[in-house]
Structures are given as structure tokens and as C-alpha cells.
Amino acid sequence: MNLHSLKPAEGATKKEKRIGRGEASGKGGTSTKGNKGGQSRAGYKRKMAHEGGQMPIQRRVPKRGFKNINRIEYKILNLGQADHYAEKYGISDFSPENLYINGLIAGTDRVKLLGNGEVKGKFSFKVHAASAKAKAAVEAAGGTVEIVK
């Protein structure tokens with residue numbers, strides 16, 4: 001065996017496709033790009049949501065309502081849940097930090113205290129918002145409600 005007689009294995013190499021090198025190459029003329037139009041031009045980029053002339057879905061589907069960009073989303077904490085969480089997680093101070101540590105809210109969530117249910121224990125709440133009914137019920141049970149920003 002000599003170095004000059006070495007060849008790659010059969011089928012391991014392919015000829016490079018030479019586009020636009022005359023009619024005899026079989027890839028001349030339009031250079032495999034079909035005929036005229038934007039797609040045959042250099043720098044062509046398909047428009048986003050283009051459906052080939054069909055009316056695009058964002059124009060076919062009717063629009064309803066609007067999204068308020070100033071809306072503040074809250075995670076709800078009802079008074080009825082407080083006793084359950086106190087038993088399960090050993091919490092007596094309901095603050096966003098404690099709720100996050102125990103996996104009840106995400107780190108950026110805002111918490112609102114609502115008055116659904118009854119509070120049996122004496123708890124302190126540090127929340128971003130609270131209803132008047134919830135605040136009165138917690139204070140009647142001997143607890144405190146503090147609004148944090």
C-alpha cells in the first residue's frame with residue numbers, strides 16, 4: 001500500500017453542487033431557484049405570518065376586549081387557608097418571604113389577603129394588599145395586618 005494510492009471509501013464523498021456555471025452543468029440559468037420573484041433574489045426573507053396571499057390568521061380572527069397594562073396581579077391568601085398553612089408549614093408570621101421559602105408563591109408574586117373563611121389562631125400578616133373584611137377579622141382574633149410595598 002502506498003500513500004498515493006489511498007482513496008476514501010466508496011460513497012463517502014460527494015461532488016460539490018456548482019450552481020450558476022452554465023447550462024451544461026444542469027444547474028445553470030435560474031440556478032435552481034425556479035423563475036422570477038422575491039425568492040430568487042439575494043437577501044430574500046419571508047415575511048412573518050405570511051400565508052401565501054391567504055388572509056392571515058391575525059386578520060381573520062376577530063379582536064375582543066383589551067389587556068390593561070396597569071393591572072396588578074395578586075396571589076390570593078384567604079383567611080381559611082391560614083390555619084392550614086400554619087399547621088402544615090409551622091408559619092405564624094405570613095410574609096412574602098416566608099410564603100416564598102415554603103414554596104407557596106414565586107419570588108416576584110404580590111400577595112393579597114381576603115376574608116374568605118375564618119381565622120382561628122393569632123397570626124401576623126405582612127401582605128401587599130388586604131380587604132377590609134380580612135383586616136377586621138384578623139384584628140378581632142388578636143392578630144395584625146401590615147401592608148408592605
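Of note:
- Among beta bridges that DSSP assigns inside the chain, antiparallel share in %, nearest 5: 0 percent
- Rg to Rh, two decimals, where segment 76-147 supplies the alpha carbon set and Rh follows Kirkwood: 0.92
- Simple spin-label estimate for Gln58 and Arg41 in nanometres, 7 Å along Cα-Cβ: 2.2 nm
- Cross-link reach list, aspartates and glutamates versus Lys126, counting only Cα pairs under 19 Å and skipping chain neighbours closer than eight places: Glu73, Asp83, Glu87, Asp93, Glu97, Asp109, Glu118, Glu139, Glu146
- FRET E, pair Phe66, Ser131, Förster distance 35 Å, beta-carbon r, rounded to 0.05: 0.85
- Loop GluC sites (Glu not before Pro), segment 11-88, which have at most 13 other Cβ atoms in a 10 Å radius of their Cβ (DSSP): Glu16, Glu51, Glu73
- For segment 42-79, trypsin sites (Lys or Arg not before Pro) meeting the loop criterion (DSSP other than H, G, I, E, B) and having at most 11 other Cβ atoms within 10 Å: Lys45, Arg46, Lys47, Lys63, Arg64, Lys67, Arg71.
- Viscosity 1.567 mPa s, 4 °C: Kirkwood-radius Stokes-Einstein D of segment 1-139 over Cα pairs, µm²/s: 57 µm²/s
- Principal-axis tilt of helix 79-89 within the chain, Cα atoms, nearest 10 degrees: 80 degrees
- Computed over the chain: relative contact order in percent, which uses C-alpha pairs under 8 Å that are six or more apart: 15 percent
- Rounded to whole Hz, the Karplus (6.51, -1.76, 1.60) HN-Hα couplings of segment 135-140, x for glycine and proline: 4, 5, 5, 5, 5, 5
Every number in this text was worked out from the coordinates using simple rules, so none of it is lab data. Since the structure is predicted, the reported quantities are computational estimates derived from the model, not experimental observations. Using ideal geometry, Cβ is built from the backbone for each residue, glycine included, and neighbour counts are taken over all protein chains shown.
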